[in-house]
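Down below is the structure, laid out as structure tokens.
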Ligand SMILES: [Zn+2]
């Protein structure tokens, strides 16, 4: 418990104020990072706490959500949760929190990259539980929304990272050909100049070649 501090949040849906746990920076012990940016920690995982769930109305959101326009549609679709998600969270509770935010993001038509990110985190949390089927299911949904994001005209905040994730998720679900297409695009596109993403794309492409 001593790993957490509490941050005051205001519900974007009903306006209620509540306190939600966050992991103190001094208590974060990173062990390793997977090739799809999933970070493994010893002890508390700060990513478990990126979603806030309002104890009053059950609305789930992150710092990146926009205040919902169609409030009535969301209110009909959600209920206050019976579990307390404002304090220390197990992996299972983090999954419930993210599923709640995902439901609200879908109802509120949030940006595709936000929806994709929630699915990606759900894939990671299921990886921690060694629940391969759920991991794959969520990776595929993340991929679907990252692809929608690049097809829509909206400006992407971080196009290189989105392209990389599309390549990397394709690689993880066994679509090597499509993965290579995206890694090649990152390496050859002069507009992409993120050295980390370019290096990681080369490494993944190399891994696909080596596995053949
Ligand atoms: Zn609320």
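The values are calculated or read from the model by the stated rules, or taken from the named source; none is laboratory data. Just so we're clear, the structure is a prediction, and the values are computed from it rather than from any experiment. Because the Cβ atoms are built from the backbone with ideal geometry, glycine has one as well, and the counts that use them run over all protein chains shown.
Only a single criterion out of (1) outside any helix (DSSP H, G or I); (2) within 15 Å of the ligand (Cβ to nearest atom); (3) in contact with a strand residue (DSSP E or B) (Cβ under 9 Å, 6 or more places away or on another chain) is not satisfied by residue 103, namely (1).
Selection of the stretch 142-160 for residues being part of a helix (DSSP H, G or I) and more than 11 Å from residue 201 (Cβ to Cβ) yields 142, 143, 144, 145, 146, 147, 148, 149, 150, 151, 159. Which condition from (1) more than 18 Å from residue 119 (Cβ to Cβ); (2) part of a loop (DSSP other than H, G, I, E, B) is the one that residue 209 breaks? It fails just one condition, (2).
Each row is one residue, and each column tells you yes or no for (1) in the same structural domain as residue 114 (by TED's automatic domain parsing); (2) more than 30 Å from residue 106 (Cα to Cα); (3) surrounded by 19 or more Cβ atoms within 10 Å (Cβ to Cβ).
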{"position": "178", "(1), (2), (3)": "no, no, no"}
{"position": "186", "(1), (2), (3)": "no, no, yes"}
{"position": "199", "(1), (2), (3)": "no, yes, no"}
{"position": "202", "(1), (2), (3)": "no, yes, no"}
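For the stretch 69-91, the count of residues that are in the same structural domain as residue 22 (by TED's automatic domain parsing), more than 16 Å from the ligand (Cβ to nearest atom) and crowded, with 19+ Cβ neighbours inside 10 Å is nonzero.
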